[in-house]
Amino acid sequence: MFERIVAAGIVGFTRLLTGARTIWTAPQPRGRQRAYFANHNSHGDFVLLWSSLDPRERVRTRPVAGLDYWLGDPLRRYMAERVFRAVLIDRNQETRVRNPIDQMIEAIDADDSLILFPEGTRNLSEQRLLPFKPGLWHVGRRRPALDLIPVWIDNLNRVLPKGEAIPVPLLCTVRFGAALHVEEGEECDAFLARAREALLDLAPDEEDP
């Protein structure tokens, strides 16, 4: 019960801080299980995306996040494990004891939806997107009925720049696209190129390439 109160507070604060505008560019049937995949510029990306979801969808949606960051202190651990129910991935292959894809499939098989960042890390470069890691393809290939939804998050990197602890109120947009699926026999590189293009199609035209 307390975690629900905390979650509601996070949603309200996030919307107030960002003035978040949510845009759905394609019909989204209710009740569909999904993996949302988005561009990644800020530690707050999944919070904004998660806060933009319908409450019934939000309660079943779990972010996939780096274990090293979210277990860094007791508060972050509590938020990750109890409020967001994050799927925590060990990004260090030398210390990893579980396969990250298996962890995501386990969550999907428990009827949860996911939030993924296929770039694998925050994009602090001048490029719109970093090269995609293959995880999205592996998940889509193993669960081909899963809706893979591209989501472009705009302006959040200015709200919470790297190294800053205090966010700056600015208007943000979260734009959701049409569902993708890994087609039968589709190779990893071909799918990732298609997914990357679907995400870029949602980006504002005025951004530099």
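The values are calculated or read from the model by the stated rules, or taken from the named source; none is laboratory data. Note that the structure is a prediction, hence the values are computed from the model and not measured. We place every Cβ from the backbone using ideal geometry, glycine too, and count neighbours over all the protein chains shown. Accessible surface is based on the protein model in full, side chains and every heavy atom, while ligands, DNA and RNA are left aside. Shrake-Rupley method; radii C 1.70, N 1.55, O 1.52, S 1.80 Å.
List of remarks:
- Test result for VAL47, under 16 Å from the mean Cα position of the chain (by Cα) and either farther than 24 Å from LEU146 by Cα or part of a helix (DSSP H, G or I) (or both): yes
- Some residue of the range 92-111 being in a loop (DSSP other than H, G, I, E, B) and surrounded by 14 or more Cβ atoms within 10 Å (Cβ to Cβ): no
- Lone qualifier among ARG82, ARG30, ARG34, ARG21 - being touching a residue at least 12 places away in the same chain (Cβ under 8 Å) and under 15 Å from the mean Cα position of the chain (by Cα): ARG34
- Given (1) under 24 Å from THR173 (Cβ atoms); (2) hydrophobic (A, V, I, L, M, F, W, C); (3) free of Cβ contacts under 8 Å to residues at least 24 places away in the same chain; (4) surrounded by 14 or more Cβ atoms within 10 Å (Cβ to Cβ), index of the condition LEU49 fails: (3)
- Residue within the range 21-34 that is touching a Ser or Thr at 6+ places or on another chain (Cβ under 6 Å) and farther than 23 Å from LEU171 by Cβ present: yes
- Odd one out for LEU148 among (1) open to solvent by less than 20 Å² (accessible area, probe 1.4 Å); (2) part of a helix (DSSP H, G or I); (3) under 25 Å from ALA26 (Cβ atoms): (2)
Table: residues versus (1) closer than 14 Å to ARG62 by Cα; (2) at pLDDT 95 or above.
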position: ASN92; (1), (2): no, no
position: VAL97; (1), (2): no, no
position: GLU106; (1), (2): yes, yes
position: ASP112; (1), (2): yes, yes
position: LEU130; (1), (2): no, no
position: GLY135; (1), (2): no, yes
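Okay, residues lined up against (1) open to solvent by 40 Å² or more (accessible area, probe 1.4 Å); (2) in contact with a strand residue (DSSP E or B) (Cβ under 8 Å, 6 or more places away or on another chain):
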position	(1), (2)
ILE5	yes, no
ALA20	no, yes
GLN28	yes, yes
ARG34	no, yes
ALA65	no, yes
TRP70	no, yes
PRO74	yes, no
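- Every condition in (1) crowded, with 16+ Cβ neighbours inside 10 Å; (2) of a type outside the set (Val, Ile, Thr); (3) at pLDDT 95 or above holds for ASP201 except the one numbered (1).
- Breaking point among (1) closer than 23 Å to LEU202 by Cβ; (2) part of a loop (DSSP other than H, G, I, E, B), for TRP137: (2)
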